[in-house]
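Asks: Just dropping this structure here.
The values are calculated or read from the model by the stated rules, or taken from the named source; none is laboratory data. Just so it is clear, the structure is predicted and the values come from calculations on it, not from any experiment. All Cβ positions, glycine included, derive from the backbone under ideal geometry; neighbour counts span all protein chains shown. We work out accessible area using only protein heavy atoms, side chains counted, and drop any ligands, DNA or RNA first. Shrake-Rupley method; radii C 1.70, N 1.55, O 1.52, S 1.80 Å.
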Amino acid sequence: MFIAHLPDGYLLTRGIVRKRETIWRPALAVGLIFSLAPDLDLFYFYLVDGRRTPHHDYWTHAPLFWLAAAALTVLALSLAGKRQYLIFVGIAFANVLLHLFLDSIAADIRWLYPFSDIRFNLVEIPARYQPWYLNFILHWTFAAEMAICVAAVWAWGSEKV
């Protein structure tokens with residue numbers, strides 16, 4: 001995915017929270033932050049690594065890392081008697097998984113890492129154009145991203161204020 005992570009985070013969080021108006025704002029904040037969280041590695045990718053390592057190879061794109069983080073957070077909240085916050089862990093984890101799933105459509109994700117380095121993706125986007133981003137914009141997968149964006153704008157516009 002190239003541009004649709006924030007809109008898909010909005011749609012997923014909206015679907016999870018539905019009519020729970022009392023938690024809508026904090027849930028939306030958590031959902032939007034974690035819909036982008038795996039791509040926080042881009043700061044390291046550009047500023048430190050010098051683009052040497054594909055950014056999907058960093059730990060932020062490893063599903064097991066997020067599963068462990070979610071499990072530890074659930075355990076900590078449960079032990080602290082703060083079970084009312086578990087919904088936010090679920091929203092965060094669901095948004096991260098959606099991010100990784102959508103990345104898997106046209107980019108390599110190592111779903112079994114660290115147990116295996118096998119990379120999974122649905123389609124390969126051939127490198128035909130310069131600059132590099134035209135390869136993504138001119139591929140059919142970008143139309144799917146645009147559909148997600150349109151759906152999010154439509155859903156947002158149909159919300160009761």
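Asks: Which length gain, in nm to one decimal place, applies between Ile118 and Ile33 when the Cα-Cα distance is subtracted from 0.36 nm times their residue separation?
Replies: Numbers: separation 85, 0.36 × 85 = 30.60 nm, distance 2.78 nm.
Working it through step by step, the gained length comes to 27.8 nm.
Asks: Also, quick follow-up: Short version: ³J(HN,Hα) in whole Hz for each residue of region 102-118, in order, from phi by Karplus 6.51 cos²θ - 1.76 cosθ + 1.60 (θ = phi - 60°), x for Gly and Pro, what are they?
Replies: Karplus-based 3J(HN,Hα) across region 102-118 equals 5, 4, 5, 5, 10, 9, 7, 10, 8, 5, 9, 5, x, 7, 8, 9, 4 Hz.
Asks: Another question about this same structure. Once the dipole of region 1-160 is set up with Lys and Arg at +1 and Asp and Glu at -1 on Cβ about the Cα centre, which of Ile137, Phe115, Gly81 lies farthest towards its positive end?
Replies: Projecting each Cα onto the dipole axis, the largest value belongs to Gly81.
Asks: Just how large is the dipole of region 1-74 about the Cα centre, in debye to the nearest 20, putting +1 at every Lys and Arg Cβ and -1 at every Asp and Glu Cβ? Please report the intermediate quantities before stating the final value.
Replies: Details: 7 positive and 6 negative charges, 76 e Å.
That gives a dipole near 360 debye.
Asks: Distances longer than 22 Å among the Cα atoms of region 1-95: what percent of all pairs is that? Could the numbers behind the result be given before it?
Replies: Values: 1651 of 4465 pairs.
Counting pairs separated by more than 22 Å, the tail of P(r) holds 37 percent.
Asks: Now for a different question. If amide H atoms are built 1.01 Å from N in the plane of the peptide, which residues on other chains or at least 5 residues away come under 5 Å of the amide H of Phe120?
Replies: Those lying under 5 Å, H to H, from Phe120 are Ile109, Arg110, Trp111.
Asks: Next question, about the same structure. At 222 nm, what value in deg cm²/dmol follows for the chain if DSSP H runs of at least 4 each add -39500 (n - 2.57) and the sum is divided by all its residues, to the nearest 500? Numbers along the way, then the final one.
Replies: On the way: 7 runs with 93 residues, N = 161.
Helix-only estimate at 222 nm: -18500 deg cm²/dmol.
Asks: Moving on to the next point. Which Cα, out of Tyr44, His5, Ile16, lies furthest along the positive dipole direction of region 4-61 (beta carbon charges, K/R +1, D/E -1)?
Replies: It is Ile16.
Asks: Whole-Hz ³J(HN,Hα) for each residue in region 37-45, computed from phi via Karplus 6.51 cos²θ - 1.76 cosθ + 1.60 with θ = phi - 60°, x for glycine and proline: what do you get?
Replies: Once rounded to whole Hz, the list reads 3, x, 8, 4, 5, 5, 4, 5, 3.
Asks: Might you tell me the accessible area per residue for region 25-161, computed with a 1.4 Å probe and given in Å²?
Replies: Values: 8760 Å² over 137 residues.
Computed with neighbouring chains in place, this is 64 Å² per residue.
Asks: Report the charge-dipole magnitude of the chain in Debye, nearest 20, computed about the Cα centre from +1 at each Lys and Arg Cβ and -1 at each Asp and Glu Cβ. Could the numbers behind the result be given before it?
Replies: Working: 13 positive and 12 negative charges, 128 e Å.
Rounded to the nearest 20 debye, it is 620 debye.
Asks: Let me ask you something else. Report relative contact order for region 7-136 in percent, whole number only (criteria: Cα-Cα under 8 Å, sequence separation at least 6). It would help to have the intermediate numbers written out before the result.
Replies: Values: 141 pairs, mean separation 31.5, N = 130.
Value for region 7-136: 24 percent.
Asks: Can you pull the one-decimal nm distance between simple spin-label points at Leu67 and Leu79, each 7 Å off the Cα toward Cβ?
Replies: In this crude spin-label approximation the distance works out to 2.1 nm.
Asks: Same structure, new question: Please work out whether region 102-161 counts as rounded, prolate or oblate from its C-alpha gyration tensor, where a ≥ b ≥ c are the square roots of the eigenvalues and a/c under 1.5 means rounded, while otherwise a/b larger than b/c means prolate and anything else oblate? Show your work: numbers first, answer last.
Replies: On the way: a/c = 3.77, a/b = 1.46, b/c = 2.58.
Oblate.
Asks: Given a 1.4 Å probe and every protein chain left where it sits, what share in percent of the accessible area of the chain is carbon and sulfur?
Replies: Values: 7010 of 10230 Å².
The nonpolar share, carbon plus sulfur, comes to 69 percent.
Asks: Going by alpha carbons, how many degrees (0 to 90, nearest 10) lie between the helix axis of 5-17 and the longest principal axis of the chain?
Replies: For helix 5-17, the angle is close to 30 degrees.
Asks: With θ taken as phi - 60° and the coefficients 6.51, -1.76 and 1.60, list the Karplus ³J(HN,Hα) couplings across region 59-76 in order, rounded to whole Hz; mark glycine and proline as x.
Replies: 3J(HN,Hα) across region 59-76, in whole Hz: 4, 5, 10, 9, x, 5, 4, 5, 5, 5, 4, 5, 4, 5, 5, 4, 4, 4.
Asks: Please compute the alpha carbon radius of gyration of the chain, then divide it by the globular-protein estimate 2.2 N^0.38 Å. Two decimals is fine.
Replies: Working: Rg = 17.1 Å, N = 161, 2.2 N^0.38 = 15.2 Å.
That works out to 1.13 for the chain.
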